[in-house]
Every structure is written in C-alpha cells, then in structure tokens.
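Here is the structure we will look at.
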Amino acid sequence: MNPSFRKFALAAALLALALPTLSWGEQDKADTELRLENAAAVLKSIMSAPEKGIPEEVMSGAKCVAVVPHMLKGGFIVGGRRGRGVATCRVPGGGWSAPAFFTMTGGDVGAQIGVEGVDLVMMFMTEQGARHLLDAKFQLGVDVSAAAGPIGRHASAGIDWKVNTQILTYSRAKGAFAGVAAGGSYIQPDQDADRAYYGRPVTAQAILTGRVKAPRSAEGFLAAVRGAKAQANKKS
C-alpha cells in the first residue's frame, strides 16, 4: 500500500472516531442519566423481540449485565471501537447493584469503511468474569474469555458457553440483533461518570458489590434488567 495512502487512511479512521466524541472526557449528571435511559431502552427493545432475544438460560445465569448504547465502530482500512457503558451485578438477596459506568475502547485491522453506531450487551456468566468489572482495566479475549452469545428462546445444547466462556457478547445494528465477537476491546471504570452521577468519588467495586445505594434515577435501568429476566422466563 502506498505510504501516503496509509497515512491518509489512518488519519481518516481517527477523525471518524474523534469527531462524534469530542466530549469523551468529562460528563455531568445529565449525561450519565441519559446513558442509563439509553441502556434501558436497548434492553427493552432487544427482549421484546420474540425468538430473537437473549436466551432464558443466559439471562438467568448472568452475574452482571453491561450495556454500551450506540458504541461507535469506524475506520477506513484501520477500524476502531469506542463507547461508554453502564453495568450492574447481582448482590446478595437476589437483587441488582447500583449502576457503575465504564468506557470501552479497542481497535482492529480490516477492510472497514465508514462509521456505524451499534448497541452492545455483555453478559458476565461467571464469578471470575464478573470480578474483572472491579479491576482498573481488562481486555476482552486476553484477560477474560469472551464469545458471541446465542440468541432465541433457549441456548443451544451444542454450545459450550456454560463451561468455557466468561462473557457472552451481543450487538444490535440497524435493528438486527445477534451474538458478536468483541475480542481485543479494553474496558475500564469511567470514574468521571461515577463521580458525576453519585456526586462524590466512588469505586466500581463499592458500587457493584452493593455498598452504594442506587439513586432513584437508576430505577429505569435496573427495572429493564429485571424485566429482561422476566421476559426471558416467559419465553421458556
């Protein structure tokens, strides 16, 4: 490939990802509440589709649920991913923790042209996988195993996700929902968003282990998580 063209391609990829996200750094409480609303809408939309949602076995067995609404994928020859998400984990007593915010970044090389907004859902299926959400930073497919998740009323008996996979990943783009591989992406706590939402410095560990009370504005997202499980059970 011509060196000048390679430089142009790289610059175009970086520009495509940078332009829509100039406010990547600091967020205020309104931004975090909007992220919660968008994440709730994603879950409700996915689980309302008969025969095409997250299987009951997956939803019932998940230790944590994480959603990245409208993650950006883009690039010309060189691709990339960038998004802000929100997660909740099961706590003793059968409920769900207050929401913790995180960022997701990653890149890959391939024949990609343009920028596409996709919704991403991650189901953390094991305690080991869930503990990674408490870490400062981890990489899907390297620090923790991740695979495209099954869809439908029930997970296929021929899929070994129960044994080998810590995180099942799903994406929705242009109305189509499917399991998708998201290896190589980095996930880390969004400390600025957590501080903005809770009004004080607070760690992802404190939030996701139930030591932080969920604000009233988190109820819509948490209700969507509870509702997704109930919807999955109706499909069985």
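The values are calculated or read from the model by the stated rules, or taken from the named source; none is laboratory data. All figures in this text were calculated on a predicted structure; none of them were measured in a lab. All Cβ positions, glycine included, derive from the backbone under ideal geometry; neighbour counts span all protein chains shown.
R6 meets all of the listed conditions (1) of a type in the set (D, E, K, R); (2) touching a strand residue (DSSP E or B) at 6+ places or on another chain (Cβ under 7 Å); (3) modelled with pLDDT under 90; (4) surrounded by fewer than 22 Cβ atoms within 10 Å (Cβ to Cβ) but one, namely (2). Within the bounds of the range 183-193, is there any residue that is within 30 Å of K29 (Cα to Cα), at pLDDT 90 or above, touching an Asp or Glu at 6+ places or on another chain (Cβ under 6 Å) and charged (D, E, K, R)? Yes - at least one qualifying residue is present in the range 183-193. Within the range 186-207, track down each residue that is surrounded by fewer than 18 Cβ atoms within 10 Å (Cβ to Cβ), among the β-branched types (V, I, T) and outside any loop (DSSP other than H, G, I, E, B). None - no residue of the range 186-207 is surrounded by fewer than 18 Cβ atoms within 10 Å (Cβ to Cβ), among the β-branched types (V, I, T) and outside any loop (DSSP other than H, G, I, E, B), so the list stays empty.
In the range 208-228, of all residues being surrounded by 17 or more Cβ atoms within 10 Å (Cβ to Cβ) and within 17 Å of the chain's Cα centre (by Cα), the one that is modelled with the lowest pLDDT corresponds to A228. Where strands (runs of 3 or more DSSP E) sit wholly within the range 47-158, those with at least 1 residues that are at pLDDT below 90, out of contact with any helix residue (DSSP H, G or I) (no Cβ under 9 Å at 6 or more places or on another chain) and of a type in the set (S, T, N, Q) occupy 100-109.
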